[in-house]
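Worksheet for the structure shown next.
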Amino acid sequence: MSDYRIGILQGDDIGLEIVPVAVSVLQAAISKYPDVAIDWVDLPVGMPSYRRSGETLPQQTLDTLYTLDGWILGPIGHMVYPKDDPKAVNPHPIIRRNYDLVSNIRPTRSYPSIPSLHQDVDLVIVRENNEGFQPDRNMFTGKAEFMPTPDMALSLRVITRRNSGFVARTGFELARQRDNKKKVTAIHKNTVFKLGCGLFVEACAEVAGEYPDITFETRVVDTFAMNLVMHPQDFDVIVSTNMFGDILTDEAAGLVGGLGMAPGLNVGPKYAMAQATHGSAPDIAGRHIANPYAMIVSAQMLLLWLGEKKQDQAAIRAAQDIEAGITEVLSRMETVTPDLQGSASTEEMGEAVCRAILAV
Ligand code: ATP
């Protein structure tokens, strides 16, 4: 019997709609496997938390996260948090850094039924999460962005062998598991950033030596960006530093139907956090039309990661059932949200996925 403690942090705006749907999908999937149980732990975060307690990330939430196996974080709409209140913090950088969530795994997959620029796309970008140009988290103290004069801004980019190697290892492990090209492509610009990108590529090459069964190649970011648009089918797993990865993952999402189709999992040595790539979409919040796909698949990736960590075949099968269920719903296109040209609500699409899972 495996019992997982998973946190639910709904976040803001459409998070209140898509996170409960993702939870109900996981619950439906494990209901078929009596040996798997999830102990769900609701934790306050974001504006709903701020309205209740005056804090967007209460200490109780931070303390509890250390006791969990993993958690689901809904999208965060921090741009509208009160600017003058130090308790209205953006939870992202704090959570990703506190729990050492080094690798951000973002898959991109095309479905024949969904209008997209390309078909047969099945790739994953693994992006470093806490370094690069992220000024709010890449320093021990202080911010890595400052203005010596009103007319000059400086941003410091941090690259370490430790995090680069961790991202590479995440990528090689994925390439080994995936039934695809068994290839890892490291993205860089070491022609210019000789030390920063140079160190990243060197760390990736070191890890590549431990995976002789996986092809390793490197690509310069600018030509890679073009190749990704023209020939996305050439790639399998892509590993990248922070900013290049952030840009390339949105570009990849654009190839297969947009942000509603862009899931993500943040992983570190100990914890994992499911988090869709898209934001909190305040323009459609409260209308129950948000596409829950990215949040469902993010939660599915969390269950798979937990199952593999504990070598729990039942949890792994439950995660595979979710993938089969969502593929079924997307192949029929009868119960999908308006962004996919359907008329179903967020909840109706979630219920269709649950029914498909139970029928697998
Ligand atoms: P952030 O900077 O926080 O990532 P953003 O500025 O990229 O956010 P989003 O909140 O991701 O913006 O929204 C961008 C557009 O995509 C909006 O028009 C939004 O309605 C749409 N969108 C985002 N997520 C979804 C979703 N799950 N379903 C449908 N539409 C979505």
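Gaussian network model of the chain, Cα springs within a sub-10 Å range: biggest mean-square fluctuation belongs to which of 40, 305, 71?
40
What 222 nm value per residue comes from the helices of the chain, counting each DSSP H run with n ≥ 4 as -39,500 (n - 2.57) and dividing by all residues, nearest 500 deg cm²/dmol?
After summing the helix terms and dividing by residue count, I get -12500 deg cm²/dmol.
Return the ratio Rg/(2.2 N^0.38 Å) for the range 54-166, where Rg is computed over Cα atoms only.
The range 54-166 yields a ratio of 1.35.
Give me the lysines in straight-line cross-link reach of residue 270: C-alpha distance below 19 Å, same-chain residues under 8 apart excluded.
309, 310
Quick one: dipole size for the chain, taken about the Cα centre, charges +1 on Lys/Arg Cβ and -1 on Asp/Glu Cβ, in debye to the nearest 20.
In total the dipole reaches around 660 debye.
Once label points are set 7 Å from the Cα along Cα→Cβ at both residue 161 and residue 53, what is their separation, rounded to one decimal in nm?
Going by the 7 Å Cα→Cβ label model, 4.1 nm.
How long is the gain from residue 231 to residue 149 if the chain were fully straight, where each residue apart is worth 0.36 nm and the alpha carbon distance is subtracted?
Net length gain for the segment: 25.1 nm.
Which residue, 249, 204, 117, has the largest displacement toward the positive end of the dipole of the chain when charges sit on each Cβ (Lys, Arg +1; Asp, Glu -1)?
204
Just add up the charged neighbours of residue 197: K/R +1, D/E -1, any other residue whose Cβ is under 11 Å from the Cβ of residue 197.
+2
Would you kindly state how much longer the chain becomes between residue 39 and residue 133 on full extension, computed as 0.36 nm times their sequence separation minus their alpha carbon distance, in nm to one decimal?
Net length gain for the segment: 30.2 nm.
Counting Lys and Arg as +1 and Asp and Glu as -1, what is the net charge of the other residues whose Cβ lies under 10 Å from the Cβ of residue 300?
Result for the local shell: -2.
So if I take the alpha carbon set of the range 117-255, get Rg, then get Rh from the Kirkwood formula, what is the Rg over Rh ratio?
Values: Rg = 15.8 Å, Rh = 15.6 Å.
With Rh from the inverse mean 1/r over Cα pairs, Rg/Rh is 1.01.
Hey, how many Å between the Cα centroid of the range 305-350 and the Cα centroid of the range 158-183?
Cα centres, the range 305-350 to the range 158-183: 25 Å.
So what's the net charge close to residue 61: Lys and Arg +1, Asp and Glu -1, counting the other residues with Cβ under 11 Å from its Cβ?
Residues near residue 61 contribute -3 overall.
Could you tell me the distance between the Cα centroids of the range 274-296 and the range 27-77, to the nearest Å?
After rounding, the separation between the Cα centres reads 17 Å.
To the nearest whole percent, what portion of all C-alpha pairs in the range 271-360 is separated by more than 21 angstrom?
Of the Cα pairs, 35 percent sit more than 21 Å apart.
What translational diffusion coefficient, in µm²/s and rounded to a whole number, does the Stokes-Einstein relation yield for the range 50-103 at 20 °C and a viscosity of 1.002 mPa s, taking the hydrodynamic radius as the Kirkwood radius over Cα pairs?
176
Can you give the extra length, in nm with one decimal, that the chain gains between residue 90 and residue 205 once fully stretched, where that is 0.36 nm per residue apart less the Cα-Cα distance?
Taking 0.36 nm per residue and subtracting the Cα distance, the gain is 37.9 nm.
Report the rotationally averaged projected area of the chain based on its alpha-carbon convex hull, in square nanometres.
Here the figure is 18.3 nm², rounded to one decimal.
What distance in nm separates the simple spin-label points at residue 333 and residue 140, each placed 7 Å from Cα in the Cβ direction?
5.6
Counting pairs of alpha carbon atoms under 8 Å apart in space and at least six apart in sequence, what relative contact order in percent does the range 117-255 give?
Working: 232 pairs, mean separation 49.7, N = 139.
36 percent.
Throughout, read-outs are computed from the coordinates displayed, never taken from laboratory work. Given the structure is predicted, the values throughout are model-derived calculations rather than measurements. So basically every Cβ, Gly included, is an ideal-geometry build from the backbone, and we count neighbours across all protein chains shown.
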